[in-house]
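Take a look at the structure below.
Every read-out reported here was derived from the displayed coordinates using simple, explicitly stated rules and does not represent laboratory data. Everything quoted here is computed from the prediction, not taken from an experiment. Cβ: placed from backbone, ideal geometry, glycine included. Neighbour counts: every protein chain shown.
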Amino acid sequence: MHFFSNAEEVQLEKNTAHSLYRAVQEIIQNAIKHAEANSIHVQVIKKSGILEISIEDNGIGFDQDLLKRDSTLHFLIDRLKFIDAELDIESAPNQGTVFSIIKKL
Amino acid sequence: MNILIADDHHLVLEGLTNVLETMENVEIFQAKNKNLLLYQLRSHKIDILFQDILFGDYNAREFIKEIIKEFPSLKIIIISSISDLEVVDSLFKQGVHGYLLKSDDLSEISSSIATVMNDQIYISTEIRDLTYREKRLDIKSTVVLTPREKEVLRLILKEKTTNEIGENLNVSTKTVEKHRANLFIKFGVKNVVGLVKKAIMEGYS
């Protein structure tokens, strides 16, 4: 497990921070349970106008089409929309997965 | 003990002479240019040479080896305002025995003499601090990359365009740009040129 951050000074509303925390937790748990990953990188990166939280694993990955039909994932995306954040997923079979949560600042 | 001061600046020459003259059993010689330097070295049995780097028309880095070859028992202490570690390093590699900065405390002069006469190397405290700081920076700048970032970096180093990288990794150009932006942040650079430079320095290639 690796962690990188350049966003120590970013201040978030308590609600937002809590939702982001939950989302990251869920994604990590999922990577450990289902992705068969043995390495996870979590990065909290501040860029111009956005905060990007990415969780990258080296696990089995999955087909993007299957992903669109996954209900837990939709639930996660909806909750993120609620705090004005988006979820971007980059994955292909056997090529690991990168989940990026993008929150406008 | 015979000490030769080689500096083309009158004030430095006189200032250093004044300081050294307060020491016991010391005779001071001076040289303002390379011809005088060689003349003094050949005419007297000089024990220690305080040598400036930018010395009139000459750069001591170019002739220090010749001097060491002709006077193998001579102790050479560089005294310069240059604190660039590359310069310091190259002079030690050529075989000088000490390195002082013109901004150093006067007490460093007597310490350096005692140290080199004892067959040891003397490095100015300020330079030692600099080396330490640079080493710490090195440790801090060791960047840990995610597998995706490594892939993107590898392709950037192969001079691939954003489009080509996207096709190669089967992701959108937007995604490539995202990873690239993260690489910039992690390496602390502003553009691809900086990224490539830093990455090669860090051993990626």
*Putting +1 on Lys and Arg Cβ atoms and -1 on Asp and Glu Cβ atoms, find which of B:Met1, B:Ile113, B:Tyr204 reaches farthest to the positive end of the dipole of chain B.*
B:Tyr204
*asked:* I want to make sure I understand the PRE zone here: with the label point 7 angstrom from the Cα of B:Leu11 toward its beta carbon, which residues in the range B:77-108 have backbone N atoms less than 14 Å away?
replied: B:81, B:102-103
*asked:* Treating only the Cβ of Lys, Arg, Asp and Glu as charged (+1, +1, -1, -1), what charge dipole size does the protein assembly as shown show about its Cα centre? Round to the nearest 20 debye.
replied: 940 debye
*Pull out a ≥ b ≥ c, the square roots of the eigenvalues of the alpha-carbon gyration tensor of the range B:1-119, then state rounded if a/c is under 1.5, prolate if not and a/b is larger than b/c, and oblate in the remaining case.*
rounded
*Of B:Asn168, B:Asn33, B:Asn118, which has the largest mean-square fluctuation in a 10 Å C-alpha GNM of chain B?*
B:Asn168
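Give the average, rounded to an integer, of partner chain Cβ atoms located within 10 angstrom of each Cβ in A:46-53. Working shown, then result.
Details: counts 1, 5, 1, 0, 0, 0, 4, 0.
Counting Cβ atoms of other protein chains within 10 Å of each residue's Cβ and averaging gives 1.
Check each of the trypsin sites (Lys or Arg not before Pro) in the range B:1-106 and keep only those in coil by DSSP with at most 13 other C-beta atoms within 10 angstrom; list them in order. Spell out each step's value before the answer.
Values: sites: B:Lys32, B:Lys34, B:Arg42, B:Lys45, B:Arg61, B:Lys65, B:Lys69, B:Lys75, B:Lys93, B:Lys102; in loops: B:Lys32, B:Lys45, B:Lys102.
Sites meeting the loop and neighbour criteria: B:Lys45.
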*All-pairs Cα distance distribution in the range B:147-201, expressed in whole percent, bin size 5 Å*: 5, 23, 36, 25, 10, 2
*From other protein chains only, count the Cβ atoms within 10 Å of every residue's Cβ in B:143-151, then give the mean.*
5
*Where in the range B:168-205 does the amide nitrogen come within less than 19 Å of the point 7 Å from the Cα of A:Lys46, taken along Cα to Cβ?*
B:181-190
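Can you tell me the FRET efficiency between B:Lys65 and B:Asn25 if r is taken as the Cβ-Cβ distance and R0 is 25 Å, rounded to the nearest 0.05?
Numbers: r = 30 Å, r/R0 = 1.21.
According to the calculation, E is roughly 0.25.
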*Hey, how many Å between the Cα centroid of the range B:1-79 and the Cα centroid of the range B:145-205?*
51 Å
*Kindly count the pairs of lysines across the range B:2-125 whose alpha carbons are less than 15 Å apart, treating pairs on different chains or eight or more residues apart as eligible.*
6
*Under a point spin-label approximation (7 Å from Cα along Cα-to-Cβ), what is the A:Asn15-B:Ser111 distance to one decimal in nm?*
6.2 nm
_Can you give the local net charge around B:Ser111? Use residues other than it whose beta-carbon is closer than 11 angstrom to its beta-carbon, Lys and Arg +1, Asp and Glu -1._
-3
*Can you give the direction-averaged projected area of the convex hull of the alpha-carbon atoms in chain B, in nm²?*
14.4 nm²
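Inside 10 Å of the C-beta atoms of B:182-189, what's the mean count of C-beta atoms belonging to other chains? Before the final figure, lay out the partial values.
Working: counts 8, 0, 1, 7, 4, 0, 1, 0.
Across B:182-189, the average partner-chain Cβ count within 10 Å equals 3.
Please report the net charge: other residues with Cβ closer than 12 Å to the Cβ of A:His34, K and R +1, D and E -1.
Numbers: positive: A:Lys33; negative: A:Glu26, A:Glu36, A:Asp57, A:Asp70.
Its environment carries a net charge of -3.
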_5 angstrom amide H check on B:Phe29, placed H, neighbours 5+ away_ = B:Ile3, B:Leu4, B:Ile5
_Rounded to 10°, Cα long-axis angle of helix B:173-187 versus longest principal axis of chain B_ = 20 degrees
*What distance in nm separates the simple spin-label points at A:Phe3 and A:His34, each placed 7 Å from Cα in the Cβ direction?*
2.5 nm
*B:Thr161 to A:Asn94: FRET efficiency via 1/(1 + (r/R0)^6), r the Cβ-Cβ distance, R0 30 Å, to the nearest 0.05?*
0.70
*asked:* Treating only the Cβ of Lys, Arg, Asp and Glu as charged (+1, +1, -1, -1), what charge dipole size does the range B:72-112 show about its Cα centre? Round to the nearest 20 debye.
replied: 220 debye
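Taking the Cβ-Cβ separation of A:Leu105 and B:Asp89 as r and a Förster radius of 51 Å, what is the calculated FRET efficiency to the nearest 0.05? Walk me through the numbers on the way to the answer.
Numbers: r = 45 Å, r/R0 = 0.87.
Given R0 = 51 Å and the Cβ-Cβ separation, E is 0.70.
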_With +1 assigned to the C-beta of every Lys and Arg and -1 to the C-beta of every Asp and Glu, and no other charges, what is the dipole magnitude of the range B:147-201 about the Cα centre in debye, to the nearest 20?_
240 debye
